[in-house]
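Right, one structure below, let's go through it.
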Amino acid sequence: MKKAIVIGASGQIGTELVVELRKRFGNDSIIASDLGTTVKEALKDGPYEQLDVMDADRLRKIIVTHEVQEVYLLAALLSATAEKNPDFAWKLNMEGLFNVLNLAKEGIVKKVFWPSSIAVFGSNTPSDNTPQYTIMEPSTVYGISKLAGERWCEYYAKQYQVDVRSIRYPGLISYTSLPGGGTTDYAVDIFYSAKKNEKYTCFLKEDTALPMMYMEDAIRATIDLMEAPAEDIKIRSSYNLGGISCTPTEIYAAIKQERPSFEIEYNPDFRQKIADSWPSSIDDSHAQSDWGWKGEFDLEKMVKIMLENVLEH
Ligand code: NAD
Ligand code: AKB
């Protein structure tokens, strides 16, 4: 029986990842874990362990006790929150990764998923259709920690044969769990205002194009990558993943089709500078050819589902 743990399970991605993994592999196979002592409703169908991933001894104990083979490590500070607390962001984002990679190096853990981000790119990176291999000069502490993490993942794969797999997620859009302090969070927040018939004040400029993805695509990509045969995984740093490239105005226009009275205003804050340093669209041809990645959600489909479900969950 597969035994996997999702660390950071109460977050935007973790909540949906645990639910989908439990659907596929059985409730008892998937352990949810996070900082909190109380378990979120959505995670109550299976085992839960309270864990600070920086506590290496407790992490080891949980992994050994449950005979966990696979780790999905989602605990991190995201771009906007990390800029407010750079020292702690670096500590959490790197220490958590090392604690997990070292258990894999020892052979206790067999497979690791660790997400990177479009934040690994910087303003000298070609912004349109950003290639897999290109200039990477991130200017945020979050992006620096993700790029360093990617290099360490590849190092552990090459030097110690650790089976670590990774995706550079775009900004993720979902309705089950709120986003946790990123620059792309506006693309979720806007739906809450639309649904409540409130004017939305966007913290990015109207023409800021960023790569986005509907959560269902991201969860499918994550599990497909983890289930792919090891020999198909040619990239052990992290795979580019495209998705929906769009601006705040384009999301607004798509919402307005469904909600004609919806209004927006733009009041850019410190997150604009972060967004300006990130790509506007991503070339994910390596993910397509190596492990068969194909996205299913375009802007229109995503907007319809978000409007139907936001605030209902
Ligand atoms: P989130 O902030 O919503 O969730 C992170 C979870 O980790 C939270 O539940 C938090 O309580 C938990 N956590 C924080 N510190 C912890 C610790 N010390 N020990 C254990 N748990 C801890 O983040 P998310 O959006 O779900 O992102 C998950 C991962 O995916 C992160 O690595 C993030 O960088 C990456 N990512 C997310 C996006 C996105 O748009 N959501 C895009 C690119 C990459
Ligand atoms: C953020 O905005 O920080 C995240 C990401 C793209 O990594 N959503």
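Of note:
- Secondary-structure-derived ellipticity at 222 nm for the chain, considering helices only, amounts to -12500 deg cm²/dmol, per-run term -39500 (n - 2.57) for DSSP H runs with n ≥ 4.
- The residue list LEU35, ILE118, LEU225 was ranked by how far each Cα lies along the charge dipole of the chain toward its positive end, using unit charges on Cβ atoms, and LEU35 comes out on top.
- Region 97-147 versus region 155-171: alpha-carbon centroid distance in Å: 8 Å
- Placing pseudo-labels 7 Å out from each Cα toward the beta carbon at LYS205 and ILE135 gives an inter-label distance of 1.9 nm.
- Selected from PRO211, SER166, SER193, residue furthest toward positive end of dipole (the chain; charges at beta carbon): SER166
- Distance cut-off 25 Å, percentage of C-alpha pairs in the chain lying past it: 47 percent
- The peptide list 254-262, 4-12, put in order of mean Cβ contacts within 10 Å with the highest first, becomes 4-12, 254-262.
- Each Lys and Arg adds +1 at its Cβ and each Asp and Glu adds -1 at its Cβ; summed about the Cα centre, region 20-99 shows a dipole of about 120 debye.
- Comparing mean-square fluctuations of GLU206, GLU41, GLU263 from a GNM of the chain with C-alpha springs under 10 Å, the top value falls on GLU41.
- Region 63-178 shape via C-alpha gyration tensor axes, a/c threshold 1.5: prolate
- Near the amide H of ILE31, within less than 5 Å, lie the amide hydrogens of ALA4, ILE5, VAL6, all on another chain or at least 5 residues away, with H placed in the peptide plane.
- Over 20 Å between alpha carbons, listed pairs LYS195/LYS301; LYS3/LYS158; LYS84/LYS196; LYS195/LYS294: LYS3/LYS158; LYS84/LYS196; LYS195/LYS294
- Antiparallel beta bridges, as assigned by DSSP with both residues in the chain, represent about 10 percent of the total such bridges.
Any read-out appearing in this document is the output of simple, stated calculations on the displayed coordinates, not a laboratory observation. This is a predicted model, so every value here is computed, not measured. As a convention, Cβ positions derive from the backbone with ideal geometry for all residues, glycine included, and neighbour counts pool all protein chains shown.
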